[in-house]
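Some notes on the structure that comes next.
Just so it is clear, none of the values below were taken in a lab; they were calculated from the coordinates. As the structure is a prediction and not an experimental result, all values here were calculated from the model. Note that each Cβ is placed from the backbone with ideal geometry, even for glycine, and that neighbours are counted across all protein chains shown.
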Amino acid sequence: MGRVSIRDIAAATGYSPATVSNVLNKKGNVGAKASSIILDAVQRMGYHRANQLERVIFAVARVTGRIVDVSPFHPGVYAGIERGAKAFSLKASMTTLDLTNPSTRKDAVAELAQNANAGVILLATEMISDDEYALFEGFDLPLVVLDGWSDKLALDCVTIANEPAAYRATTLLAEKGHERIGYVGSRIRIKNFPQRERGFRHVLEDMCLPFDEKNRILVDPSPEQGYLELCAWLDDNPPLPTAFFCDNDLVAAALIRALNAHGIRVPDDVSVMGFDDEQLCQVIQPTLSTVHVPRHKMGEMAVRRLFEQTTDIRLAPCITMLHTTIVQRQSIKRI
């Protein structure tokens, strides 16, 4: 028999993994009878949890691959994880957690949990549903969720303050005189994107700016297909706003490319604002104004939370949101 897990104890006692976890970590309000049954099973089944953190595993959760396969986001995060791990004398590694097949998801998570003396930083960019997060209920290793969060489970999470970031970016466009601002986003609506759209719309409401829903364009997240779909939209010569706020830099780059292909000058005719501050922002022409996400800091902070989980018994799970900064480049102008 392999190493006994929290799920094994839950199955043997009839209690949920969350209840077992609460007893083991002396959290929550678990009754004396349930605690006694669980602790007896722990001793009988030979459960041991490794408290000594020796390494950090950066697990990239791949649910569809439509975002993580094309995004350059996670290498920057991993660089921060390596830096943070080094500060605590920990080893770091990166792996892909394949959640594409619902029938094998539990096995993939269980296999990840077999890494003794490790903590896991889970890149949850593509994780949207409660069922996906439920896979980590009672997870047997220290865990920090990065670029995602669960509304039902009290997990340690490090993410971006998406709505305030989009609010500030859209405010900048409005302050430069743009009263008709469009929105271009990914058709794959990961949890970050609706928050960014809310921030965008909040500015329009606060400043009493009109919004034509025909200027809300959702396209495929892959750069080439997104470009083709934007070209098809522009082929109909729609009335254009004077500026666009985009879900991320890949979508913004596809938009600039499509506008250029149709003889629409950026920023002389239309301004474009991205989100993430990927390296491509400084390569494309014109260079892309965007929201800078502190990826390295996200990675470092996630490592710190992992370490604190194993050293501070009073630590409470929390959702940590990092603020962003606006980077002005050539793709926006005052009108």
For the range 37-137, the charge dipole (Cβ of Lys, Arg +1; Cβ of Asp, Glu -1; about the Cα centre) points to a positive end, and the Cα of 89, 117, 39 closest to that extreme belongs to 89
Can you spot the lysines whose alpha carbon is less than 28 Å from residue 106's alpha carbon? Ignore those fewer than 8 places along the same chain.
26, 27, 91, 152, 191
State the extension gain, in nm to one decimal, for the chain segment bounded by residue 103 and residue 232, taking 0.36 nm per residue of separation less the distance between their alpha-carbons.
42.6 nm
Relative contact order, percent, of the range 211-273 when contacts are C-alpha pairs under 8 Å separated by at least 6 residues?
37
Once the in-chain neighbours fewer than 8 apart are removed, the lysines whose Cα is under 16 Å from residue 333 read 176
Return the long-range amide H neighbours of residue 326 (sequence gap of 5 or more, or a different chain), with a cut-off of under 5 Å between placed amide H atoms.
292
Can you give the helix-only mean residue ellipticity at 222 nm for the chain, where every DSSP H stretch with n ≥ 4 adds -39500 (n - 2.57) and the sum goes over all residues, rounded to the nearest 500 deg cm²/dmol?
-12000 deg cm²/dmol
Which residues in the range 3-24 place their backbone N less than 19 Å from a point set 7 Å from the Cα of residue 110 along the Cα-to-Cβ direction?
3-21
Read phi for every residue in the range 77-93 and hand back ³J(HN,Hα) as whole Hz from Karplus 6.51 cos²θ - 1.76 cosθ + 1.60, θ = phi - 60°, with x for Gly and Pro.
5, 5, 4, x, 5, 4, 5, x, 5, 4, 5, 9, 6, 10, 7, 9, 8
Between residue 158 and residues 5 or more places away or on another chain, the pairs with built amide H atoms under 5 Å apart involve 145, 146, 147, 148, 320
Once the dipole of the range 180-230 is set up with Lys and Arg at +1 and Asp and Glu at -1 on Cβ about the Cα centre, which of 215, 226, 195 lies farthest towards its positive end?
195
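Could you please report the charge total around residue 210, scoring K, R as +1 and D, E as -1 over all other residues with beta-carbon less than 10 angstrom from its beta-carbon? List each step's numbers first, then the result.
Numbers: positive: 180; negative: 179, 212.
Neighbourhood net charge equals -1.
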In the chain, what percentage of the DSSP-assigned beta bridges are antiparallel, given to the nearest 5?
5
